[in-house]
Amino acid sequence: MISRGFTGHRQSADIEKRLPPGQYLVTDFPVLSAGPTPHTPLDRWTFTLEGLVESPVRWSWDEFRKLTSQSSTVDIHCVTKWSKLDTKWLGVSVDTLLAAVKLKPQARYVMAFSDGGYTTNIPLAELVNGQAFVAYQFDDKDLAPEHGGPSRLVVPHLYFWKSAKWIRGLRLMDQDQPGFWESLGYNMHGDPWKEERYSGD
Ligand SMILES: Nc1nc2c(c(=O)[nH]1)N[C@H]1C(S)=C(S)[C@@H](COP(=O)(O)O)O[C@H]1N2
Ligand SMILES: [Mo]
């Protein structure tokens, strides 16, 4: 129930504050995919940390599911201007994943890569310290394939295109390189609070 009057106004003012500039609220969960939904069998699924690490690490699905998980309730913001509040996820913190490797000192940027060839770049500093996770449940259910199942990256403080669906690993890099949307003119960083939508914003 939505109450009218004073409480209702106060609630909408709070919600307003959680919407970055130019965004509007949705209550459904739109699907945005640049290509078809891949369907990799779980017994062939792996998650890999590669690039500028002393030795790469690869988890099978069963191994990945045994890693320490955490639930997170976060607001998400798509560059097409919808935002969804209080989305509830279960997954593995990127901190937990990175604890399994020794980073080379030059590692400063990350390319997330996915089944189907999608990629997106994120500075390493923006994936650590609890800022990002690899999720396999949404709303207490296995993550639906169209939303990135079996698992996707979630980086809630950046526009949602940085949250790679069907993620298969992270590549550590010394220089920032554009991923899929970034090479088509989207912003290299993508902070919704600064409206970093396109290159040059
Ligand atoms: N692999 C992959 N990940 C992706 C995309 C995609 O096309 N392929 N689209 C991105 C964009 S633009 C958005 S807004 C969100 C959409 O996620 P959703 O379909 O679960 O809403 O996924 C992001 N991650
Ligand atoms: Mo998006």
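Laboratory data are not the source of any read-out in this text; all were calculated from the coordinates shown. All values reported here derive from a predicted model rather than from experimental measurement. Methodologically, a virtual Cβ is constructed for each residue, glycine included, from the backbone with ideal geometry; neighbour enumeration extends over all protein chains shown.
Can you name the residue in the range 160-181 that is assigned to a strand (DSSP E or B) and of a type outside the set (D, E, K, R) and, of all such residues, is farthest from ligand 2 (Cβ to nearest atom)?
To start, the set of residues in the range 160-181 that are assigned to a strand (DSSP E or B) comprises 167-173.
Imposing the further condition that a residue be of a type outside the set (D, E, K, R) reduces the set to 167, 169-170, 172-173.
Working: ILE167: 15, GLY169: 21, LEU170: 20, LEU172: 25, MET173: 23 Å.
Per the stated criteria, the residue is LEU172.
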Next item on the list: Of the conditions (1) touching a residue at least 40 places away in the same chain (Cβ under 8 Å); (2) closer than 19 Å to GLN23 by Cβ; (3) touching a Gly at 6+ places or on another chain (Cβ under 9 Å); (4) surrounded by fewer than 19 Cβ atoms within 10 Å (Cβ to Cβ), TRP193 clears all except one; give me its number.
Entry: (3)
Check: Since LEU49 meets every condition but one in (1) surrounded by fewer than 16 Cβ atoms within 10 Å (Cβ to Cβ); (2) in contact with a strand residue (DSSP E or B) (Cβ under 6 Å, 6 or more places away or on another chain); (3) not β-branched (Val, Ile, Thr), which condition does it not meet?
Finding: (1)
Note to self: Looking only at the range 143-190, filter to residues that are at positive phi and out of contact with any strand residue (DSSP E or B) (no Cβ under 6 Å at 6 or more places or on another chain); which one of those is farthest from ligand 1 (Cβ to nearest atom)?
What the structure shows: GLY190
Next item on the list: Within the range 128-151, track down each residue that is buried (at least 24 other Cβ atoms within 10 Å of the Cβ) and within 16 Å of ligand 2 (Cβ to nearest atom).
Entry: GLY148
Note to self: Can you tell me which of (1) surrounded by 16 or more Cβ atoms within 10 Å (Cβ to Cβ); (2) in a helix (DSSP H, G or I) is the one SER12 doesn't meet?
What the structure shows: (1)
Check: When you look at THR80, is it within 16 Å of ligand 1 (Cβ to nearest atom), among the β-branched types (Val, Ile, Thr) and touching a helix residue (DSSP H, G or I) at 6+ places or on another chain (Cβ under 6 Å), yes or no?
Finding: no
